[in-house]
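All remarks here apply to the structure that follows.
The values are calculated or read from the model by the stated rules, or taken from the named source; none is laboratory data. Since we're looking at a predicted model, the values are computed, not measured. As a convention, Cβ positions derive from the backbone with ideal geometry for all residues, glycine included, and neighbour counts pool all protein chains shown.
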Amino acid sequence: MEFTVRNTGRRKGTEVAQVYVGPSPDLKLDQPVRALAGYRRLTLAPGEARRVSLDIDARTLSSWDPGRHAWVVGSGRREVFAGRSSRELPLRAKAVVATG
């Protein structure tokens, strides 16, 4: 996922940009509402903006299947969120995860 972080303040500041991924509609297993997929700590000067790119790995997109005794990647249309915390995620996008 790619997004831009901007310091709108008058002082140098540090932010931890976080990316979360929602559950797979195709998996009939217990899944978290949102799973932390990655984060990046940034220090920005006043008015500075920086593009952030975070990859989401297969393990983050997976859930434990007790019947198979294995991690299973959840395919289908997944929602991806970005923001400063799990409670403040103003950026949202849809991504299609294909397996096989």
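Taking the listed residues V72, V33, the one that is in contact (Cβ under 8 Å) with a residue 40 or more places away in the chain and of a type outside the set (D, E, K, R) is V72, with no other qualifying. Within the stretch 60-91, the set of residues being at pLDDT below 90, part of a loop (DSSP other than H, G, I, E, B) and not hydroxyl-bearing (S, T, Y) comprises just one member, G74. Considering (1) part of a strand (DSSP E or B); (2) out of contact with any Leu (no Cβ under 7 Å at 6 or more places or on another chain); (3) modelled with pLDDT of 95 or more, the lone condition that G47 does not fulfil carries the number (1). Within the span defined as the stretch 69-79, one or more residues are touching a Pro at 6+ places or on another chain (Cβ under 8 Å), surrounded by fewer than 16 Cβ atoms within 10 Å (Cβ to Cβ) and small (G, A, S).
Among the conditions (1) loosely packed, with under 10 Cβ neighbours inside 10 Å; (2) within 14 Å of the chain's Cα centre (by Cα); (3) part of a loop (DSSP other than H, G, I, E, B), the only one that K94 does not satisfy is (3). Taken together, the criteria place V52 among residues that are β-branched (V, I, T) and more than 21 Å from A98 (Cβ to Cβ). Taken over the stretch 40-55, residues that are touching a Ser or Thr at 6+ places or on another chain (Cβ under 8 Å) and touching a residue at least 40 places away in the same chain (Cβ under 8 Å) amount to 5. Could you check D26 against (1) closer than 25 Å to V96 by Cα; (2) within 15 Å of the chain's Cα centre (by Cα); (3) surrounded by fewer than 17 Cβ atoms within 10 Å (Cβ to Cβ) and say which number it fails? Just one mismatch for D26, condition (2).
Only one of the numbered conditions (1) β-branched (V, I, T); (2) free of Cβ contacts under 8 Å to residues at least 40 places away in the same chain; (3) closer than 28 Å to R10 by Cβ is not met by T60, and that is (3).
Scanning the stretch 1-23 for residues that are of a type in the set (S, T, Y), in a strand (DSSP E or B) and exposed (fewer than 12 other Cβ atoms within 10 Å of the Cβ) yields T4, T14.
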